[in-house]
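The next block holds one structure in the form of structure tokens; read it before the comments.
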Amino acid sequence: MKITVIGTGYVGLVTGACLAEMGNHVVCLDLDARRIASLNQGQLPIHEPGLLDVVLRNARAGRLEFTTDTDHAVAHGLLQFIAVGTPPSEDGSADLQHVLAAARAIAERMAGYKLIVNKSTVPVGTADRVRDTVAGVLAARGLAADFTVVSNPEFLKEGSAVQDFMRPDRVIVGSEDHRATELMRAVYAPFMRNRDRLVLMDVRSAEFTKYAANAMLATRISFMNELALLAETLGADIEHVRTGIGMDPRIGTHFLYAGTGYGGSCFPKDVRALIKTAQDAGQAFHILPAVQAVNERQKQVLVDKICARFGPDLSGRRFALWGLAFKPGTDDMREAPSLAIIERLLALGAEVVAYDPQAMDQARQALGPRAGLSFAVLADAALTGADALVIATEWKEFRSPDFAHLAATLHERVVFDGRNLFEPAELQAAGLEYHAIGRGTASAPPFDTAHAQR
Ligand code: UDX
């Protein structure tokens with residue numbers, strides 16, 4: 001099939017590459033000439049495991065093109081995927097200018113039927129606005145309204161985006177048109193050969209499903225983080241509690257990890273946007289503002305613990321910080337909890353030596369030059385001269401450190417673990433003081449590691 005993907009961000013790039021992988025001929029359009037030039041030289045603008053291979057293989061095979069030529073891109077695809085950014089406006093609502101500009105770009109050039117697929121995360125009602133925009137332009141051109149707009153929200157996770165796209169747990173299609181539905185079925189059939197996972201619904205429900213999923217997951221995380229705080233106060237261990245509740249199939253084991261708060265490009269933005277959507281619809285959404293407030297507080301929890309241990313004035317103290325990206329497997333720093341941790345440590349006079357396997361360039365850009373902040377090329381190098389270790393992101397390489405070496409290197413022998421990576425007894429045995437999230441049972445029996453695997 002001939003497919004055009006507009007926008008080469010996370011969603012667009014993964015969508016285009018994976019659709020080409022299934023034998024489609026895909027043209028990816030972006031107005032950013034530098035981005036397209038580097039894609040054409042085989043360089044990805046993002047770090048995403050497995051993506052480069054898929055891009056290079058399909059580009060070489062001639063099935064995947066990157067272009068800034070809108071005429072060519074619109075002429076190419078029977079299907080036109082819109083996968084441009086929807087950054088938050090000042091009032092929290094999603095800014096649709098790029099989506100509507102893409103719709104206009106298609107309408108101004110199309111000759112013959114086009115299926116327009118909204119893949120960007122857009123508020124309920126956006127497909128109608130896209131439809132009106134396209135219809136308006138076509139009417140002005142004196143052409144018949146020979147197009148359909150469907151909603152096909154993307155659920156891929158950064159760090160496993162290619163896998164998520166190639167083996168989706170569900171594909172949501174909001175379509176009220178038979179021809180469009182059949183085209184969408186045909187496009188996704190190769191990704192679901194063992195079991196049909198296409199869920200067909202009306203357009204508005206599809207748009208809403210995306211926000212509902214992300215808001216539900218964000219709520220789960222804030223709920224766990226709030227339970228963790230209470231567990232600590234009560235002398236219970238949230239890791240035991242997590243295992244205990246997760247075995248109930250109604251709850252399930254995923255997304256129950258207490259930590260330093262959620263970040264990234266989706267949860268914070270989508271929670272804000274859903275609150276705004278509810279407001280605009282004249283309905284207060286009572287739970288989500290609490291989810292946000294808990295998340296903001298959670299980003300402060302590690303530094304609160306540091307202050308409780310070392311006092312509120314941290315001048316003269318040096319901290320090694322492991323993990324900057326908002327989660328492992330990505331170099332994405334958007335709304336990463338590490339940013340709030342670093343800002344506050346620096347504001348309290350501390351020195352921070354940070355290390356991340358992927359995100360240091362992005363972190364440098366996000367934070368700018370700062371007195372007191374430096375970066376180490378290796379995790380171990382960050383420890384030199386540090387009083388304590390702070391862990392903000394659970395990269396695999398942090399999971400099994402040499403505790404004896406940590407104890408010998410850190411001046412104060414203290415570890416502040418924002419991701420509950422370790423067994424407290426093990427650190428205690430190595431002579432390390434261990435502060436984690438929601439683990440109020442220093443004298444409790446060792447955690448049952450059989451269930452501790454993430
Ligand atoms: C998310 C959704 O999972 C995905 O379906 C959607 O398309 C985009 O938003 P992503 O932003 O890549 O994906 O990250 P995700 O893996 O979902 O993690 C989001 C945040 O929640 C991270 O900051 C992570 O550290 C945090 N998190 C996740 C927890 O704190 N605890 C958990 O148990 C799980």
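The values are calculated or read from the model by the stated rules, or taken from the named source; none is laboratory data. Everything numeric in this text was worked out from a predicted model, so none of it was measured. No Cβ is skipped: glycine too gets one built from the backbone with ideal geometry, and neighbour counts run over all protein chains shown. Surface areas here come from the heavy atoms of the whole protein model, side chains and all, with no ligands, DNA or RNA. Shrake-Rupley method; radii C 1.70, N 1.55, O 1.52, S 1.80 Å.
Of the accessible area of region 216-322, computed with a 1.4 Å probe over protein heavy atoms only, carbon and sulfur atoms account for 62 percent.
What is the packing order of peptides 83-92, 312-321, 264-273, taking the mean over residues of other C-beta atoms within 10 Å and listing the highest first?
264-273, 312-321, 83-92
Amide H to amide H, with H built 1.01 Å from N, Val171 comes under 5 Å of Leu198, Val199, counting only residues 5 or more places away or on other chains. A simple charge model with +1 on the Cβ of Lys and Arg, -1 on the Cβ of Asp and Glu and nothing else charged puts the dipole of region 301-454 at about 200 debye relative to its Cα centre.
For region 133-144, putting each phi into the Karplus relation 6.51 cos²θ - 1.76 cosθ + 1.60 with θ = phi - 60° gives couplings of 4, 5, 4, x, 5, 5, 4, 5, 7, x, 10, 6 Hz, in residue order, rounded to whole numbers and with x for Gly and Pro. With respect to the chain, whose longest principal axis is taken over its alpha-carbon atoms, helix 97-109 is tilted by about 20°.
Relative to the present Cα-Cα distance, how much length would full extension add between Arg167 and Asp132 at 0.36 nm per residue of separation?
9.2 nm
Let me make sure I get this right: for region 1-114, a, b and c are the square roots of the gyration tensor eigenvalues over alpha carbons, sorted descending. Under 1.5 in a/c it's rounded, otherwise prolate if a/b > b/c, else oblate. Which is it? It is oblate, given that a/c is not under 1.5 and a/b is not larger than b/c. Legend: residue pairs Lys269/Lys327; Lys157/Lys299; Lys269/Lys305; Lys157/Lys210, Cα-Cα distance threshold 18 Å; pairs beyond threshold, Lys157/Lys299; Lys269/Lys305. Do you know the relative contact order of region 324-368, to the nearest whole percent, from alpha carbon pairs under 8 angstrom that are 6+ apart? Once normalised by length, the contact order is 46 percent. Relative to the dominant Cα principal axis of the chain, helix 178-188 is inclined by about 50°. The phi-based Karplus calculation (6.51 cos²θ - 1.76 cosθ + 1.60; θ = phi - 60°) puts the 3J(HN,Hα) values of region 411-424 at 4, 9, 6, 10, 10, 10, 10, x, 10, 6, 7, 10, 8, x Hz, whole numbers, x for Gly and Pro. Measuring nothing but protein heavy atoms, the accessible surface of region 1-58 at 1.4 Å probe radius is 52 percent carbon and sulfur.
The relative contact order of region 1-124 comes to 30 percent, based on Cα pairs under 8 Å that sit 6 or more residues apart.
Taking the C-alpha atoms only, the angle from helix 203-234 to the longest principal axis of the chain is near 0 degrees. Normalised per residue, the accessible area of region 324-446 is 41 Å², obtained with a 1.4 Å probe and no contribution from ligands, DNA or RNA. Protein-only accessible surface at a 1.4 angstrom probe places the residues Glu296, Glu239 in the order Glu296, Glu239, largest first. Length available on full extension from Thr409 to Ala139: 0.36 nm per residue minus the Cα-Cα distance, which gives 90.0 nm. On a per residue basis, region 169-310 carries 49 Å² of accessible surface, using protein heavy atoms and a 1.4 Å probe. Probing with 1.4 Å while keeping every protein chain in the model, the per residue accessible area of region 1-61 equals 41 Å². Overall shape: oblate for region 188-305, with the ratio a/c of the largest to smallest alpha carbon gyration tensor axis at 1.5 or above and b/c at least equal to a/b. From the Cα gyration tensor of region 241-381, with a ≥ b ≥ c the square roots of its eigenvalues, which class applies: rounded if a/c is under 1.5, or else prolate if a/b is larger than b/c, or else oblate? Prolate is the answer for region 241-381, as a/c is 1.5 or above and a/b outweighs b/c. Each residue of region 429-439 was assigned a 3J(HN,Hα) from its phi angle through the Karplus curve 6.51 cos²θ - 1.76 cosθ + 1.60 (θ = phi - 60°); the sequence is 4, 7, x, 9, 8, 10, 10, 10, 9, x, 10 Hz, with glycine and proline shown as x. Remark on region 297-454: ratio of C-alpha radius of gyration to 2.2 N^0.38 Å is 0.98. Per the Debye formula on identical point scatterers at the alpha carbon atoms of the chain, with no solvent, log10 I(q)/I(0) at q = 0.06, 0.07, 0.08, 0.09 Å⁻¹ is -0.30, -0.41, -0.53, -0.66.
A Förster radius of 51 Å combined with the Cβ-Cβ distance from Arg297 to Tyr113 puts the calculated FRET efficiency at roughly 0.50.
Amide H to amide H distances under 5 Å link Arg439 with Ile238, where only residues 5 or more positions off or on other chains count and H is placed in the peptide plane.
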